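Working notes, beginning with the structure itself.
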Amino acid sequence: MTDTGDLYEGPLHSRHVEAGATFAPFGGWSMPVQYSGTVAEHHATRTTVGLFDVSHLGKALVTGPGAAGFVNTCVTNDLDRISAGSAQYTLCCDESGGVVDDLIQYRVSDEEIFLIPNAANTAEVVRRMQAAAAERAPEVSVTDEHRSRAVIAVQGPLAGEVLTAVGLPIDLDYMAFVDADWSGVPVRVCRTGYTGEYGFEVLPAWDQAGPVWDALAEQVLAREGALCGLGARDSLRTEAGYPLHGHELSLDLSPLEARCAWAIGWDKPSFWGRDELLRQKEAGPARRMYALEVTGRGVLRAGQTVRAGGRDVGVTSSGTFSPTLKTGIALAFVELDAGLKKGDEVVVDVRGREVPCRLAVPPLVEIRTR
């Protein structure tokens, strides 16, 4: 890792510079936003294959006797639903029911759980788990391993061809992972992603990520795929209706409001935020995340007011242009007492201009992860 001003750089930064990427700060890291252009990179991922460097994502390791059981008392999803070699989406909540972070947990064994939180929230997730372990499970160790592995996402219909061409395994069920060796480099290969497409996330050792990226990039470009930045990652995940922490999930937004109740193990006796989330489940949330599709002209952004029937009924949390649908789209939290339903017409205030939109239940595109 090197330091550019106040921003961290990942292990592949010099390669992105050489590839002509443009950069922007994200979660404290200098991240490639685009190479050939967001729309082209988006289309490549939907039609052929896209290659993303998301090494900024956090990594943490929970080890020791009873590590799986301990983690299961912290986060929302039920680790006992999966076995060793499988991964699971979960949420780290506050006792208020708000979301500290959403993350992927990998069950390596009963005594080893590997976590991938969001970059900006890794230290807080680790801090909370370390404090809980010190109090309740002193035999369990929680360590911040942010720079132990790079994370390279290969996403799109031809993702399997790319991995096969470089000699990495692809015979995995969705949300399964395997540890492999690639030319002496330890690599964890996961059937996961954040685009709504079939794909994999490849996790080589941080300091040995360069040759893995080079091999994957060669095969991606040979198939008319693209190197992809945060711009395409955002438009792809917004089409798919995937939440982004700080937008659709936060300490002020609960999993029930963000349509993530499926990631809660309601029958577990304990996890952070359980009492408040059970209360919300019984009472019902006051608002819920919907998708918006612009039917007129305009591109939506976060923080814009949604109106229906002459009154304010919600606010956008994310907004972008959809290259697939060729119109503006957004995710928004809409008050349920407004009585709106899928297909209803609303308007969004875009700098004083009312942009007509259709209300939808995400996703806005077909999810093809399996």
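The values are calculated or read from the model by the stated rules, or taken from the named source; none is laboratory data. Computed from a predicted structure; not experimentally measured. Cβ sites come from the backbone with ideal geometry, for glycine too, and all protein chains shown count toward neighbours. These area figures cover heavy atoms from the full protein model, side chains too; ligands, DNA and RNA do not enter into them. Shrake-Rupley method; radii C 1.70, N 1.55, O 1.52, S 1.80 Å.
Just checking, which of Ala123, Ala133 is in contact with a helix residue (DSSP H, G or I) (Cβ under 8 Å, 6 or more places away or on another chain) and in a helix (DSSP H, G or I)? Let's see the steps before the verdict.
Values: Ala123 fails: in contact with a helix residue (DSSP H, G or I) (Cβ under 8 Å, 6 or more places away or on another chain).
That would be Ala133, the only listed residue that is in contact with a helix residue (DSSP H, G or I) (Cβ under 8 Å, 6 or more places away or on another chain) and in a helix (DSSP H, G or I).
In the set (1) open to solvent by less than 30 Å² (accessible area, probe 1.4 Å); (2) over 30 Å from Ala176 (Cα atoms), the condition left unmet by Ser318 is number (2). Residue count for segment 95-125, restricted to those that are in contact (Cβ under 8 Å) with a residue 60 or more places away in the chain and over 19 Å from the mean Cα position of the chain (by Cα): 3.
Results for (1) part of a loop (DSSP other than H, G, I, E, B); (2) of a type in the set (S, T, N, Q); (3) without any contact (Cβ under 8 Å) to a residue 60 or more places away in the chain; (4) within 25 Å of Ala19 (Cα to Cα), shown as yes or no for each residue.
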residue: Glu197; (1), (2), (3), (4): yes, no, no, yes
residue: Phe200; (1), (2), (3), (4): no, no, yes, yes
residue: Pro204; (1), (2), (3), (4): no, no, yes, yes
residue: Arg233; (1), (2), (3), (4): no, no, no, yes
residue: Thr238; (1), (2), (3), (4): no, yes, no, no
residue: Asp275; (1), (2), (3), (4): no, no, no, no
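A single entry from Leu340, Leu300 fulfils the requirement of being assigned to a loop (DSSP other than H, G, I, E, B) and either small (Gly, Ala, Ser) or in contact with a Cys (Cβ under 8 Å, 6 or more places away or on another chain) (or both): Leu300. Taking the options Val17, Val62, Val39, name whichever one is of a type in the set (A, V, I, L, M), touching a residue at least 12 places away in the same chain (Cβ under 8 Å) and either loosely packed, with under 15 Cβ neighbours inside 10 Å or within 30 Å of Val140 (Cα to Cα) (or both). Answer to the selection: Val62.
Per the listing Val187, Val125, Val166, the residue uniquely among the β-branched types (Val, Ile, Thr) and over 30 Å from Arg223 (Cα atoms) is Val125. For segment 126-143, residues that are over 19 Å from Asp94 (Cα atoms), surrounded by fewer than 17 Cβ atoms within 10 Å (Cβ to Cβ) and either in contact (Cβ under 8 Å) with a residue 60 or more places away in the chain or touching a Gly at 6+ places or on another chain (Cβ under 8 Å) (or both) total 3.
Please state which one of Gly184, Gly167 is at pLDDT below 95, surrounded by fewer than 19 Cβ atoms within 10 Å (Cβ to Cβ), over 15 Å from the mean Cα position of the chain (by Cα) and among the small types (Gly, Ala, Ser).
Values: Gly167 fails: at pLDDT below 95.
It is Gly184.
Restricting to segment 348-369, and then to whatever is touching a Ser or Thr at 6+ places or on another chain (Cβ under 9 Å) and in a strand (DSSP E or B), can you tell me which residue is surrounded by the most Cβ atoms within 10 Å (Cβ to Cβ)?
So in segment 348-369, the residues touching a Ser or Thr at 6+ places or on another chain (Cβ under 9 Å) come out as 348-349, 355-358, 362, 364-365, 369.
When the remaining residues are screened for being in a strand (DSSP E or B), the result is 348-349, 355-358.
Working: Val348: 26, Asp349: 15, Val355: 21, Pro356: 14, Cys357: 28, Arg358: 15.
Of everything passing the filter in segment 348-369, Cys357 is surrounded by the most Cβ atoms within 10 Å (Cβ to Cβ).
Of everything in segment 94-115, what is in contact with a Cys (Cβ under 9 Å, 6 or more places away or on another chain) and farther than 23 Å from Val151 by Cα? Give them in sequence order. The answer is Val99, and nothing else.
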